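Contents: one structure, followed by commentary.
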Amino acid sequence: MDLGIAGRTALVTGASSGLGLSTARALAAAGVRVVIASRSSEKLTKALSTLPSSSSAIAADVSDTDDVRRLVDETLERLGSIDILIANAGGPPPGNFATTPLDSYETALRLNLVSNVAMCQAIVPQMQSNGWGRVVAITSSSVREPIDRLILSNTARAGVTGFLKTLAREVAKDGVTVNSLQPGLHATERLAALYGDLDEVARTIPAGQVGDPDDFGHVAAFLCSEHAKFITGAAIPLDGGALHGLQ
């Protein structure tokens, strides 16, 4: 399917591996010029080798608002505009109420909430002026059903979901859509670090398998397409049927 976004530009954060990198690949395959970002220059170099030559990479820490501004400025220098923002960041460390100190919440909120606000503040006004834009945030299925031992992620990602829903309503008239994708268990390095045996994890999912990051990337790219221009304010789970709730 032609997504109608060839020639557009995108900034994809948290894109040195996992779901961010898969999304960057799907966008590049649709003809989008992509800048990928993450904290690790070494991992970015490896990730960039899997993308078309029109792509580039910038090392940045999105939990630092000054670094967000630098990242956006450098991306604009390279691309001229940012039509698509894929807002993604690694999850905070696991823990529960009893084991998680108070200052860890501030760190998690900077990583998974404030980073999204800062990127949107820096990029969305330009999208509004251009009359076209796509924001897709990668959050977690924990927004709908909190995950044991991930109290920091549960808390921060629920907050960013509220922010994105509010933003979506404010900018919809300007041709800018704002959505989030809520991945369940996908075959990523983080999942392996958290759970170890992915075959055992797969048995807990109604679909009988963990998610394929490339499939996730294609869904994210579709949300950025011309075909998805009437989808905004949505928070979409991709979890193989694992969630129990009706909504």
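The values are calculated or read from the model by the stated rules, or taken from the named source; none is laboratory data. The structure displayed is predicted, hence computed values, not measured ones. Because the Cβ atoms are built from the backbone with ideal geometry, glycine has one as well, and the counts that use them run over all protein chains shown.
Remarks
- Residue count, segment 1-30 (criterion: surrounded by fewer than 24 Cβ atoms within 10 Å (Cβ to Cβ) and in a strand (DSSP E or B)): 1
- Among the residues of segment 231-247, those that are of a type in the set (Gly, Ala, Ser) and in contact (Cβ under 8 Å) with a residue 40 or more places away in the chain comprise Gly233, Ala234, Ala235, Gly240, Ala242, Gly245.
- Which numbered condition Val68 misses (of (1) touching a Leu at 6+ places or on another chain (Cβ under 9 Å); (2) surrounded by 17 or more Cβ atoms within 10 Å (Cβ to Cβ); (3) in a helix (DSSP H, G or I)): (1)
- Within segment 48-63, the set of residues being of a type outside the set (A, V, I, L, M, F, W, C) and either in a strand (DSSP E or B) or out of contact with any strand residue (DSSP E or B) (no Cβ under 6 Å at 6 or more places or on another chain) (or both) comprises Ser49, Thr50, Pro52, Ser53, Ser56, Asp61, Ser63.
- Filter result (surrounded by 15 or more Cβ atoms within 10 Å (Cβ to Cβ) and of a type in the set (Gly, Ala, Ser)) within segment 193-247: Ala202, Gly211, Gly217, Ala220, Ala221, Ser225, Ala228, Gly233, Ala234, Ala235, Gly240, Ala242
- Elements of the type helices (runs of 4 or more DSSP H) sitting completely within segment 144-247 and holding at least 2 residues that are of a type in the set (Gly, Ala, Ser): these cover 151-171, 189-195, 213-223.
- Inside segment 210-227, residues that are of a type in the set (A, V, I, L, M) and without any contact (Cβ under 8 Å) to a residue 60 or more places away in the chain make up a count of 2.
- Any hit, segment 78-97, residues being in contact with an Asp or Glu (Cβ under 7 Å, 6 or more places away or on another chain) and either part of a loop (DSSP other than H, G, I, E, B) or under 21 Å from Glu226 (Cβ atoms) (or both): no
- Residue among Leu102, Leu111 that alone is buried (at least 16 other Cβ atoms within 10 Å of the Cβ), out of contact with any strand residue (DSSP E or B) (no Cβ under 6 Å at 6 or more places or on another chain) and within 30 Å of Asp148 (Cβ to Cβ): Leu111
- Boolean, Val136 is touching a residue at least 40 places away in the same chain (Cβ under 8 Å), outside any helix (DSSP H, G or I) and within 23 Å of Leu11 (Cα to Cα): yes
- Count - residues of segment 166-192 that are at pLDDT 95 or above and surrounded by fewer than 17 Cβ atoms within 10 Å (Cβ to Cβ): 7
- Thr161 in contact with a helix residue (DSSP H, G or I) (Cβ under 7 Å, 6 or more places away or on another chain), polar (S, T, N, Q), at pLDDT below 90 and under 23 Å from Ala24 (Cα atoms): no
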